[in-house]
1. Would you mind working out the accessible area per residue for the chain, using a 1.4 Å probe, and quoting it in Å²?
2. For A75, what is the net charge nearby, where nearby means another residue's Cβ is under 13 Å from its Cβ and Lys, Arg count +1, Asp, Glu -1?
3. Tell me which DSSP H helices of the chain clear both cut-offs, 20 Å or more of axial length from alpha-carbon atoms and a mean Kyte-Doolittle hydropathy of at least -0.5.
4. Taking the Cα centroid of the range 101-146 and of the range 243-265, what is the distance between the two, rounded to the nearest whole Å?
5. Please get the size of the charge dipole for the chain, origin at its Cα centre, with Cβ charges of +1 on Lys and Arg and -1 on Asp and Glu, quoted in debye to the nearest 20.
6. Less than 23 Å apart at the alpha-carbon level, and either on another chain or at least 8 residues along: which lysines does that give for K49?
7. For R322, what is the net charge nearby, where nearby means another residue's Cβ is under 15 Å from its Cβ and Lys, Arg count +1, Asp, Glu -1?
8. Where the eigenvalues come from the Cα gyration tensor of the range 79-232, what are the semi-axes √(5λ) of the equivalent ellipsoid, largest first, in whole Å?
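The values are calculated or read from the model by the stated rules, or taken from the named source; none is laboratory data. Since this is a predicted model, take the numbers as computed values, not measurements. We place every Cβ from the backbone using ideal geometry, glycine too, and count neighbours over all the protein chains shown. SASA here: full protein model, heavy atoms, side chains in, ligands and nucleic acids out. Shrake-Rupley method; radii C 1.70, N 1.55, O 1.52, S 1.80 Å.
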Amino acid sequence: MGNLGLASLLFILSIFLIPQLGSAQLRQNYYANICPNVESIVRNVVKTKFDETFVTIPATIRLFFHDCFVQGCDASVLIASTAGNTAEKDHPDNLSLAGDGFDTVTKAKAAVDAVPQCRNRVSCADILVMAARDAISMSGGPSFAVELGRLDGLSSTADSVEGKLPQPEFDLTQLNTMFAANGLTQTDMIALSAAHTVGFSHCRKFANRIYNFSVSNPVDPTLNGTYAFQLQAMCPPNVDPTIAINMDPVSPRIFDNQYFLNLQQGMGLFTSDQVLFTDSRSRSTVNSWAQSSFAFQQAFITSITKLGRVGVKTGSGGNIRRNCAAFN
């Protein structure tokens with residue numbers, strides 16, 4: 001093959017390879033020769049935070065989800081707003097992100113950078129991925145190896161969040177469409193939704209289901225009657241907007257498959273939870289994972305690994321921030 005033919009072939013190959021370069025850079029043990037103890041450093045910080053407050057667990061997991069769904073897994077959700085820019089974290093959909101998640105990443109970054117060999121060598125995006133994994137395993141969920149090698153994003157705007165995060169009132173088609181936009185299947189969506197097995201929600205997020213669902217049915221008929229009564233007791237009309245309740249009423253501090261058992265009983269807190277059981281397209285998956293904790297955990301590992309590959313920044317598309325809350 002002549003030089004021209006070879007050049008043409010390489011150009012064609014580059015076109016097909018470019019979209020894959022970001023996720024292809026990711027690999028397990030990425031920091032083995034850069035910062036060999038990084039995973040244990042992050043894990044120790046998460047454990048210390050967890051011992052202080054359980055909120056660390058759902059806060060860190062949710063922070064990871066909200067980061068990846070907006071501009072990819074690039075730590076853009078960690079950026080603080082400035083006089084000239086309203087950042088992602090200050091969009092209304094992110095205002096409910098608990099401060100403990102941000103604090104976990106900040107402290108983990110400080111601990112990593114306290115090691116001279118590691119200073120400014122590990123991205124905030126990777127620290128968030130490791131911290132989320134540790135939060136899952138520490139609360140009873142599966143332990144798994146994470147792929148690393150992300151760079152931190154160079155942009156964070158509140159405008160970029162609009163329409164990118166799932167809403168509590170979504171139906172199955174809306175959920176599938178939003179997850180598909182991130183390269184995730186319906187199976188991935190159902191597995192990742194089970195993160196609602198830990199964590200909290202403010203009453204206003206589901207008030208319509210227990211008070212004014214429709215003219216003929218003030219209470220959503222897909223909601224378990226006893227559970228609806230309990231929710232009304234915990235969330236009376238005009239409740240303090242800061243009041244939050246457990247999303248899983250049975251085992252709220254354990255990352256388990258109870259989420260799916262709850263759906264079978266009509267105890268999904270959000271419409272977007274309960275629809276996974278009421279819609280025939282997804283019910284069989286719910287039933288399968290309600291029956292087998294092992295099958296759910298394996299599916300969850302697959303799906304959260306795929307989530308971690310979304311929109312990964314490489315090369316000139318990102319850098320490693322010295323401060324996770326500010327651009328370099």
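1. 45 Å²
2. +1
3. Length and hydropathy pass: 3-17, 38-52, 99-113, 124-138, 293-307.
4. 26 Å
5. 660 debye
6. K89, K107, K109
7. The answer is +1.
8. Its equivalent ellipsoid spans semi-axes of 34, 19, 17 Å.
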